Amino acid sequence: MGVGGGGEAAAASAAPAEEAAAAGKDGEEGTRWTMKEKLIAAAVLLWMLVAATIGVFLHWSIRHAALRKEEEGLVSMCEERARMLQDQFAVSVNHVHALAILVATFHYEKHPPALDQDTFAEYTARTSFERPLLSGVAYAQRVEHADREGFERQQGWIIKTMKHEPSPVQDEYAPVVYSQETVSYIEGLDMMSGEEDRENILRSRASGKAVLTRPFRLMSNHLGVVLTFPVYHVDLPPDAKEEERVAATAGYLGGSFDVESLVENLLRQLAGNQELVVNVYDVTNSSDPLVMYGSEVPLGIPSPWHICMLDFGDPFRKHHMVCRYRNKPPLPWSAISTPSGVFVICMLVGYIVFAAWSRYDNVKEDCRKMEELKKQAEAADVAKSQFLATVSHEIRTPMNGVLGMLDMLLDTDLTSTQRDFAQTAQVCGKALISLINEVLDRAKIEAGKLDLESVPFDLRSILDDVIALFSSKSREKGIELAVYVSERVPEILLGDPGRFRQIITNLVGNSIKFTERGHIFVQVHLADHSNLATESEVEPVANGMNGHKDEKTAVATGVSLNTLSGFEAADSRNSWENFKLLLSYEKNEMPYESVSDKVTLVVSVEDTGIGIPLDAQAKVFTPFMQADSSTSRTYGGTGIGLSISQCLVELMGGQINFVSRPQVGSTFTFTAVLQRCDRSAIGDSKPVMLHPLPSSFKGLSALLVDTRPVRATVTKYHLQRLGIACDVVATIDLALGVLSGRNGSSLTSTKQPCMLLIESDSWGFKIDVSLRSRLLEMKQDGHTNLLPKIILLAAAESSKLKAHYAVDSVITKPLKASALAACLFQTLGITQSSNERRDNSGSLHGLLLGKNILVVDDNKVNLRVAAGTLKKFGAKVECVESGKDALALLQVPYKFHLCLMDIQMPEMDGFEATQQIRTMEAKANEQAVACDDSETDGATRAAKWHLPVLAMTADVIQATHEECTKYGMDGYVTKPFEEKQLFQALQKFLDPGMSS
C-alpha cells in the first residue's frame with residue numbers, strides 16, 4: 001500500500017494543515033473584528049458628524065437670525081432715506097413748476113409782457129434759497145423756423161447751438177431767453193440742438209410733466225441732472241391730448257439739480273449715517289447703470305445690501321438707491337457659545353449610548369456568533385448541494401452516452417477479445433461514475449444522510465470488476481494483481497454492493513498508486529475461519545512501529561519469501577502458513593459457527609508498495625490528509641477515499657485497520673457484516689444482477705505449472721469458478737511426469753488435462769521447442785491420448801508473447817473469470833451457447849415487452865441510448881426533444897404507459913412539463929367525475945388518469961429527488977441507468993400483464 005493508502009493514507013504532517021486551518025479561522029475572526037471596529041469607528045464618526053451638523057445648524061440659525069435682523073434694520077433705514085430723498089426732490093420740482101407758472105402768467109398773459117431778462121434774473125436770484133439743490137434755472141422759448149428771423153431781430157442775437165455755432169435750419173428752436181445769473185452763459189443757446197436735450201423737451205411737452213436727463217458733471221464737478229418743465233400759453237386739462245399739448249407749448253423751463261449735494265445734505269440730517277454706504281443709480285439702461293451718487297465699488301462684498309426704487313416724477317427714467325453697511329456686521333457671541341454647548345452635550349449623549357450599546361453587544365456576542373455560523377453553514381450547505389448537483393449532472397450526462405453506447409455495443413456480435421475490451425471499458429466508465437460519487441458521498445457523510453441499501457449481489461463478480469478496472473495499470477507497472485475469495489463465502493449476499501465495491505476500489509486504487517514492484521493481493525474469508533480478523537484495538541498500529549522496535553527494523557529484508565510475488569509483505573500474519581490453514585478449513589468443510597443469517601467477512605488488501613511513514617500512520621483516516629505536500633503532486637488523489645471507506649465500513653457494522661512498514665508495503669483489513677441470501681429467495685421484489693459464468697467448461701481438467709503456491713492457489717480459484725479441475729506442479733519436468741504417469745505422479749482428476757497452463761517465470765530457456773517435442777513423443781508412445789493446449793500466464797501483451805514462445809495461447813494477467821473464459825473459448829474451440837450470451841434480464845424484458853414509452857430529453861445521445869436500452873427489452877419507444885413536444889403528445893386518453901422525462905431542458909424543463917401534465921389530468925378527472933355524477937346508471941365509472949412520469953436525472957443530490965416529488969413526478973432514474981436500476985424503478989408502475 002502506498003503512502004497514506006493512495007493520497008489519503010499518507011496522512012502525515014497534519015499539524016501544519018490544522019494550524020493553517022486554525023490560522024484561517026483566526027484570520028476570519030480578525031477580519032470580522034476589523035469590520036466591527038470599522039463599523040464602530042464609522043458610527044462614532046457619523047455621530048460626531050451629526051453633532052457637528054447640529055452645531056453648525058445652530059450657528060447658522062443664530063447667525064442667520066442676526067443677519068436677518070441686520071437686514072431688516074438696513075431695509076428700514078434705506079427706505080427712510082429713499083422716501084426723504086424723493087420728498088426733497090419733489091419740493092425742488094414744485095419750485096420749478098412754480099417758476100413755469102410765473103413765466104406763463106407774466107410773459108404770455110400780460111400785454112405787453114411784464115417779464116424780461118433782468119426781472120427774471122433778479123427774481124431767481126432773490127428766491128434761490130428756496131431752491132438750494134438747483135444750481136440755476138433758465139427759460140427757453142419755443143420758436144418755429146418761420147418766426148426765427150423776426151425773433152433774432154427782436155432779441156438782437158442769433159440762435160446758436162450748444163457749441164456756440166449758428167443753429168442750423170430745423171422745424172423749431174428752443175433758444176434760452178431768460179436765465180438765472182449763475183447760468184447766464186447759456187443765453188441764446190438752442191436747447192434743441194443737443195440730441196438728448198431735444199428728446200427731453202419733446203417728452204416734457206407731450207406729457208406735461210417734468211423730465212430728467214441722465215447724470216452728468218456740473219460746473220461744480222458734482223454729478224447732476226437737468227429738469228425740464230413745459231410752459232403752455234393756456235391752462236390745459238389733465239386729460240389733454242398730446243396734440244393739444246404740443247400746440248399749446250410756449251417754451252420750456254429747465255433747472256440743473258446737484259444730486260450729490262441733495263444726498264449729502266439728506267444723510268447728514270439722519271442718525272446712523274456712518275454705518276451705511278448709499279449709492280444712487282440711473283438704471284434706465286439696466287445693463288449699464290449710471291452712478292448718480294456714491295462710489296463705483298462693486299456690490300459683491302459679503303455685507304448685506306438693499307435696493308429701494310426712487311420716483312423722481314419722470315416716467316421714462318428709472319432710478320434706485322442701494323444701501324449697505326459700511327462694515328460687515330459682527331458675529332454674535334451666542335452663535336459660538338450655543339453650538340459649542342450643544343456639541344459637547346451631543347458628545348456626552350453619544351458616549352453614554354456607545355457605552356450602553358457596547359455592553360449589550362458584548363453580552364449578545366456569543367449568540368450572534370452562533371447565529372452567524374449557523375447561517376454560514378446553511379448557506380454553504382445550499383451552495384455545496386447546488387455545486388455538487390451541477391457537477392454531477394454535467395459529468396453524468398456525457399457518461400450516460402458513453403456507457404449506453406458500450407451497453408448497446410455489447411449486445412452486438414463481438415469476438416471474445418472485443419467483448420472483453422468493451423466490458424472493460426464499461427467497467428472503467430462505471431468506476432468513473434463511482435469516483436464522482438465519492439465526492440458526493442463525503443458531503444452526505446458530513447450531513448449524516450448516507451444510507452445503505454440491502455439488495456442481493458454477487459461478491460465475486462464485484463471483485464472481478466475491480467480487478468478489471470485496475471488490470472491495465474497493473475500490467476503497465478509489471479506488478480501482480482490477484483483476488484481470492486474463500487469457497488465458504490456465500491455466492492449471493494444481501495447488502496449494499498455499490499458501497500462494498502467503493503471500499504474495495506478505494507483500497508486497491510491506493511495500492512496500485514503507490515506500488516511499483518511486487519504484488520497487490522485481495523483476500524475475502526469468513527471471520528470465524530480467519531486469524532486476520534481485525535480486532536477492536538490493533539497493537540501494531542498503536543505502538544507506531546507495527547511490531548518493530550524502530551524504523552530501521554521496519555524496512556524490507558530483501559529476502560525472497562513465499563508470497564504472491566516473492567516480495568515481503570507488511571503483515572507477518574498474512575503468511576503462506578495462515579493461507580494454507582484457511583485452505584484446509586475449506587477442504588475439511590469446517591462448520592460455520594454462527595447459526596444466524598448474518599455473515600461477517602474479513603477482507604484484506606495487501607500490497608508491497610512504499611508503505612506509510614510511521615509518523616503519519618496515526619492520521620491515515622483523516623479527510624484530505626496526505627503524507628506531505630509532494631504526495632498529491634507525485635501520486636495524485638484528494639485524500640478522502642480512506643475516510644469515506646472507514647465511514648462505509650462502520651455503517652456495515654465492521655472496522656478497518658492497517659499494518660504498514662516503510663519500503664515494505666501496507667495491508668488494509670476490514671470486516672463487514674452482511675446477510676446470507678439463497679438463490680431461491682431472489683424474486684422480482686429483490687432484483688439482482690448476477691453476471692453468471694459460462695458452464696461450457698464443466699468437467700474439463702487442467703495442469704498448472706507455478707513455483708509459487710499462493711499464486712497457484714489464485715489461478716486454481718479462477719479455474720474452479722469455471723468448473724475446471726486443476727492440478728498444480730512446481731516445474732515443467734514434473735508436469736511432463738504427471739502427464740506421462742512416471743515417477744509415481746498422478747492426477748487428482750480422472751480425466752486427462754486438456755490444457756497446460758505455465759506461469760511465465762517457470763518457463764526457462766529452450767523449453768518451448770523441447771516441451772512440444774516431448775509432448776508429441778508422449779502421444780506417439782501412448783502415454784497420453786490428448787495433446788494438451790499450452791497456455792502461458794503472463795503480465796505482458798499476449799500477442800507478443802505468443803509470437804515469441806511456441807504456445808497455443810497467452811492469458812494476460814491479472815486473472816478474472818470472464819477474461820479467462822473468453823480466452824479458453826477461443827483456445828479450446830468451444831462455442832458459447834446463445835443462452836449464456838444473454839444477460840440475466842428476462843424479468844425486465846417481460847416488464848417492458850409491448851409497452852409504449854415516451855422519452856423526453858434535449859440530448860440526442862441520451863435519447864438514442866435510452867431508446868436503444870428500452871427497445872432491447874421489447875418496449876415501443878417514441879422520443880421527443882422538449883417539454884412542449886411532450887405535452888403535444890400527452891393528451892388524454894393516453895397512448896403511452898410511461899414517460900421518462902429529463903429535468904434540465906431549454907424553453908420548458910421537466911418540472912414545468914410535469915406540472916402541466918398533472919394540471920391537465922386533474923381537469924380531465926374532474927370532467928369525468930362530473931359526467932359520472934350526471935349518469936343515472938353508475939355501474940361504469942371513468943378511469944382516473946395518471947401517467948407515471950419518471951425523471952431522468954444526472955443529479956444524485958437528495959434535494960433533486962425531493963424536487964421531483966414536489967412537482968408531481970412518480971420517481972427518478974439516475975443517469976447513466978443500468979438494467980437493475982431500471983427494473984427497480986419501473987416495476988412499481990408497469991404490470992407485466994398489462995396490454996399494450
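The values are calculated or read from the model by the stated rules, or taken from the named source; none is laboratory data. Since the structure is predicted, the reported quantities are computational estimates derived from the model, not experimental observations. Please note: Cβ atoms are built from the backbone with ideal geometry, for glycine as well, and neighbour counts cover all protein chains shown. These accessible areas exclude ligands, DNA and RNA; they are computed on the full protein's heavy atoms, side chains included. Shrake-Rupley method; radii C 1.70, N 1.55, O 1.52, S 1.80 Å.
Return the residue satisfying two criteria in turn: it lies in region 407-423 and is touching a helix residue (DSSP H, G or I) at 6+ places or on another chain (Cβ under 7 Å) and without any contact (Cβ under 8 Å) to a residue 24 or more places away in the chain, and of such residues it is farthest from Thr812 (Cα to Cα).
Among those residues, the one meeting the criterion is Leu409.
Has region 416-427 got any residue that is at pLDDT below 85, outside the structural domain of Phe470 (by the TED database) and aliphatic (A, V, I, L, M)?
yes
Consider Gly498 against the criteria (1) of a type outside the set (Val, Ile, Thr); (2) within 26 Å of Thr812 (Cβ to Cβ); (3) open to solvent by 20 Å² or more (accessible area, probe 1.4 Å): it satisfies all of them except one. Which criterion is unmet?
The one condition Gly498 does not meet is (2).
Determine, yes or no, whether Ala104 is touching a strand residue (DSSP E or B) at 6+ places or on another chain (Cβ under 6 Å), closer than 18 Å to Gly188 by Cβ and of a type outside the set (Lys, Arg). Before you say what the answer is, go through the steps one by one.
On the way: touching a strand residue (DSSP E or B) at 6+ places or on another chain (Cβ under 6 Å): yes; closer than 18 Å to Gly188 by Cβ: no; of a type outside the set (Lys, Arg): yes.
Against the criterion (touching a strand residue (DSSP E or B) at 6+ places or on another chain (Cβ under 6 Å), closer than 18 Å to Gly188 by Cβ and of a type outside the set (Lys, Arg)), Ala104 does not qualify.
Step by step: first the residues of region 561-578, then only those that are among the hydroxyl-bearing types (Ser, Thr, Tyr), open to solvent by less than 40 Å² (accessible area, probe 1.4 Å) and touching a residue at least 24 places away in the same chain (Cβ under 8 Å), then the one that is farthest from Gly518 (Cα to Cα). Which residue is that? If you could, list the steps in order and put the result at the bottom.
Pass one, region 561-578, residues among the hydroxyl-bearing types (Ser, Thr, Tyr): 563, 565, 572, 575.
Filter once more, so that each one left must be open to solvent by less than 40 Å² (accessible area, probe 1.4 Å): 563, 565, 575.
Then drop every residue that is not touching a residue at least 24 places away in the same chain (Cβ under 8 Å), which leaves 563, 565.
Numbers: Thr563: 9, Ser565: 5 Å.
Per the criteria, the residue is Thr563.
For region 663-678, which positions are surrounded by fewer than 22 Cβ atoms within 10 Å (Cβ to Cβ) and in contact with an Asp or Glu (Cβ under 8 Å, 6 or more places away or on another chain)? Full working, then the answer.
We begin by selecting, within region 663-678, every residue surrounded by fewer than 22 Cβ atoms within 10 Å (Cβ to Cβ); these are 663, 671, 673, 675-676, 678.
Of everything in region 663-678, those that are surrounded by fewer than 22 Cβ atoms within 10 Å (Cβ to Cβ) and in contact with an Asp or Glu (Cβ under 8 Å, 6 or more places away or on another chain) turn out to be Gln675, Arg676.
Could you figure out which of (1) part of a loop (DSSP other than H, G, I, E, B); (2) at pLDDT below 75 isn't true of Met778?
All conditions pass for Met778, except number (1).
Restricting attention to region 624-649, and to residues there that are open to solvent by 40 Å² or more (accessible area, probe 1.4 Å) and under 25 Å from Phe500 (Cβ atoms), which single residue is modelled with the lowest pLDDT? Reasoning before the result, please.
Start the filter on region 624-649 by keeping residues that are open to solvent by 40 Å² or more (accessible area, probe 1.4 Å), which leaves 624, 628-630, 632-635, 637-638, 646.
From what is left, the residues that are under 25 Å from Phe500 (Cβ atoms) are 624, 635, 637-638, 646.
Details: Phe624: 64, Tyr635: 51, Gly637: 54, Thr638: 54, Gln646: 91.
Once the filter is applied, the top-ranked residue is Tyr635.
Is it fair to say Tyr185 is among the aromatic types (Phe, Trp, Tyr) and under 20 Å from Thr249 (Cβ atoms)?
Details: among the aromatic types (Phe, Trp, Tyr): yes; under 20 Å from Thr249 (Cβ atoms): no.
Against the criterion (among the aromatic types (Phe, Trp, Tyr) and under 20 Å from Thr249 (Cβ atoms)), Tyr185 does not qualify.
When both residues are 6+ apart or on different chains and their Cβ atoms are under 7 Å apart, which pairs have a first residue that lies in region 869-895 and is surrounded by 17 or more Cβ atoms within 10 Å (Cβ to Cβ), and a second that is charged (D, E, K, R) and in a helix (DSSP H, G or I)?
Thr869/Asp407; Val877/Lys871; Gly883/Glu912
Take region 65-106 and flag every residue that is without any contact (Cβ under 8 Å) to a residue 24 or more places away in the chain and open to solvent by less than 30 Å² (accessible area, probe 1.4 Å). Even if it seems obvious, please write down each step before you answer.
Applying the first criterion (without any contact (Cβ under 8 Å) to a residue 24 or more places away in the chain) to region 65-106 yields 65, 68-69, 72-73, 76, 83, 87, 91, 94, 98, 101-102, 105-106.
Hit for region 65-106 is Gly73, nothing else.
Out of the residues in region 185-204 that are of a type in the set (Ser, Thr, Tyr) and open to solvent by less than 60 Å² (accessible area, probe 1.4 Å), which is farthest from Ile158 (Cα to Cα)? Spell out how you get there, then give the answer.
First, the residues of region 185-204 that are of a type in the set (Ser, Thr, Tyr): 185, 193, 204.
This time we only want the ones that are open to solvent by less than 60 Å² (accessible area, probe 1.4 Å), so: 193, 204.
Numbers: Ser193: 14, Ser204: 25 Å.
Among residues in region 185-204 that are of a type in the set (Ser, Thr, Tyr) and open to solvent by less than 60 Å² (accessible area, probe 1.4 Å), the one farthest from Ile158 (Cα to Cα) is Ser204.
Do the conditions hold for Ile467, that is, is it assigned by the TED database to the domain that holds Phe567, closer than 19 Å to Ile656 by Cβ and under 43 Å from the mean Cα position of the chain (by Cα)?
Working: assigned by the TED database to the domain that holds Phe567: yes; closer than 19 Å to Ile656 by Cβ: no; under 43 Å from the mean Cα position of the chain (by Cα): yes.
Here the answer is no, as Ile467 does not meet what is asked.
Kindly provide the set of residues from region 135-150 that are farther than 13 Å from Asp190 by Cα and either open to solvent by less than 20 Å² (accessible area, probe 1.4 Å) or assigned to a helix (DSSP H, G or I) (or both), ordered by number.
Restricting attention to region 135-150, the residues satisfying the condition of being farther than 13 Å from Asp190 by Cα are 135-137, 146-147, 149-150.
Those that are farther than 13 Å from Asp190 by Cα and either open to solvent by less than 20 Å² (accessible area, probe 1.4 Å) or assigned to a helix (DSSP H, G or I) (or both): Gly136, Val137, Ala146, Asp147, Glu149, Gly150.
Of everything in region 395-451, what is among the basic types (Lys, Arg) and open to solvent by 50 Å² or more (accessible area, probe 1.4 Å)? Give them in sequence order.
Arg419, Lys430, Lys444, Lys449
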